[in-house]
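Step one of this worksheet: look at the structure below.
Bear in mind that the values in this text are calculations on the coordinates, not laboratory data. Nothing here was measured: the structure is a model prediction, and the numbers come from that model. Note that we place each Cβ from the backbone using ideal geometry, even for glycine, and neighbour counts take in every protein chain shown.
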Amino acid sequence: MEWIILILSGVLEAVWATALGASRNFRRLWPTVTFFVAMIVSMAGLAYAMTAIPVGTAYAVWVGVGAVLTAAYSMAFGGEAVSWAKVLLLVGIIGCVVGLKAVG
């Protein structure tokens, strides 16, 4: 159950990172509200997952999931340039996250 919570918390990390950009320095209400709610729930899920998963592994997975999803969303919808190098590096992050689960 902790791994599922951790992955969902990583997804929420991508949500709050994207909302932070959309908030325009906290000047837009709903992206700002989304940022704070997603951040609080994401951190709570990370804290819960760390009760059963080692801190280093949990944090690396949380950051990895959030970073990959944020970058992918930005490339798909945010106007960030897509390149094979970026895609391969993101796949590498996914491989490392899966590897952490496999050796844990």
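Below is a table of values for the structure above.
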item: Two-site FRET efficiency, residue 93 against residue 37, from Cβ-Cβ distance with R₀ of 25 Å, rounded to 0.05; result: 0.45
item: Modelled FRET efficiency - R0 41 Å, residue 25 with residue 3, Cβ distances, 0.05 increments; result: 0.70
item: Per-residue [θ]222 nm for the chain (sum of -39500 (n - 2.57) over DSSP H runs n ≥ 4, rounded to 500); result: -28500 deg cm²/dmol
item: Mean-position separation - Cα centroids, segment 58-104 and segment 1-40, in angstrom; result: 17 Å
item: Sorted peptide list for 64-72, 26-34, 49-57, criterion being average Cβ within 10 angstrom, highest first; result: 64-72, 49-57, 26-34
